[in-house]
Amino acid sequence: MRKIFLVFIVLFLFGCSSIPISTMLKYRNFDEQRFLTLDPLQIRSKIRLSEPFTLKMEQINLSLSLENEKGVRNFTFPLVLEKRDRIAAQEGFFSSEPAKTEYTFKLSERAVNNFRETQSLLSQEVQGKASFSIGAGFNEVPQKGQTVYISIALQLEEKDGYFTLIEDTEVDFGQDAYNKPLKAQ
């Protein structure tokens, strides 16, 4: 049994069916030129996780994968905790929600420099497909059959705010959970 369960949540900016329709519409014209104009100091990610789980801070990162005629290139940008908030459990007549912790991350100083270098490199590259992913690990070892709820949002520009990648998705840590990474597609 692994001590750390690595969760990969993948956002495909071009043509992935797991993205909410509103996000797909909003970013349908996102291209290399728009990527080159992003300010890495404005990029943020929010991860909301049901208790009792907590995130392993040193494993949080944002990745960019680019695929073009030259092949696939992967870039990783470590994230650092900017803010942590606890959201109390909510009991309702028809439903209830467990207590959650919401983490807000920004690019580390090293990641900001790497992001700018990537933009410079991409300004000389051929067009292709791009996808972002957010990787996270848990501090706790999930028990068989234990469920966690996770939400992930990403902000590329302050003026546009956050957009939802995954909203209160239930993840079941069943028997096979340790044998493969979790992917939302």
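The values are calculated or read from the model by the stated rules, or taken from the named source; none is laboratory data. Computed from a prediction, not measured in an experiment: that's the story for all the values here. In this analysis, Cβ positions are derived from the backbone assuming ideal geometry, glycine residues included, and neighbour counts consider all displayed protein chains. With ligands, DNA and RNA removed, areas are computed over all heavy atoms of the protein, side chains included. Shrake-Rupley method; radii C 1.70, N 1.55, O 1.52, S 1.80 Å.
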- [ ] Would you please list the contacts, defined by Cβ atoms under 8 Å and residues six or more apart or on different chains, that run from a residue in the range 61-74 that is in a loop (DSSP other than H, G, I, E, B) to a residue that is exposed (fewer than 15 other Cβ atoms within 10 Å of the Cβ)?
- [x] E69/V126; K70/E125; K70/V126
Open item on the list: Tell me whether the range 130-143 contains one or more residues that are farther than 24 Å from K56 by Cβ and at pLDDT below 85.
Closed with: yes
Task: Matching entry among A130, A153 (being under 15 Å from the mean Cα position of the chain (by Cα), closer than 16 Å to S65 by Cβ, surrounded by 14 or more Cβ atoms within 10 Å (Cβ to Cβ) and among the small types (G, A, S)) - done: A130
- [ ] Please indicate, with yes or no, whether at least one residue in the range 118-130 is charged (D, E, K, R) and touching a residue at least 60 places away in the same chain (Cβ under 8 Å).
- [x] yes
Task: Looking only at the range 55-79, and only at residues there that are within 13 Å of the chain's Cα centre (by Cα) and β-branched (V, I, T), the one that is least open to solvent (accessible area, probe 1.4 Å) - done: I60
Open item on the list: Return the residues of the range 39-53 that are open to solvent by 40 Å² or more (accessible area, probe 1.4 Å) and either aromatic (F, W, Y) or in a loop (DSSP other than H, G, I, E, B) (or both); say none if nothing qualifies.
Closed with: D39, E51, P52
TODO: Restricting attention to the range 103-127, report how many residues are small (G, A, S) and open to solvent by less than 50 Å² (accessible area, probe 1.4 Å).
DONE: 2
Task: Scan of the range 81-93 for residues that are over 20 Å from T169 (Cβ atoms) and modelled with pLDDT under 95, ordered by number - done: A88, E91, F93
Task: Residue match in the range 107-114 (condition: part of a strand (DSSP E or B) and at pLDDT 95 or above) - done: yes
- [ ] Kindly indicate which of I9, I4, I19 is open to solvent by 50 Å² or more (accessible area, probe 1.4 Å), of a type in the set (V, I, T) and at pLDDT below 90.
- [x] I4
Open item on the list: For a quick check of your reading of the model, give me the residue pairs whose first member lies in the range 39-55 and is closer than 27 Å to E158 by Cβ and touching a residue at least 60 places away in the same chain (Cβ under 8 Å), whose second is surrounded by fewer than 19 Cβ atoms within 10 Å (Cβ to Cβ) and of a type in the set (D, E, K, R), with beta-carbon atoms closer than 7 Å and at least 6 apart or on different chains.
Closed with: P40/R116; Q42/E157; Q42/E158; K46/E102; R48/E102
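Assess whether T169 counts as being modelled with pLDDT of 80 or more and either open to solvent by 30 Å² or more (accessible area, probe 1.4 Å) or in a loop (DSSP other than H, G, I, E, B) (or both).
yes
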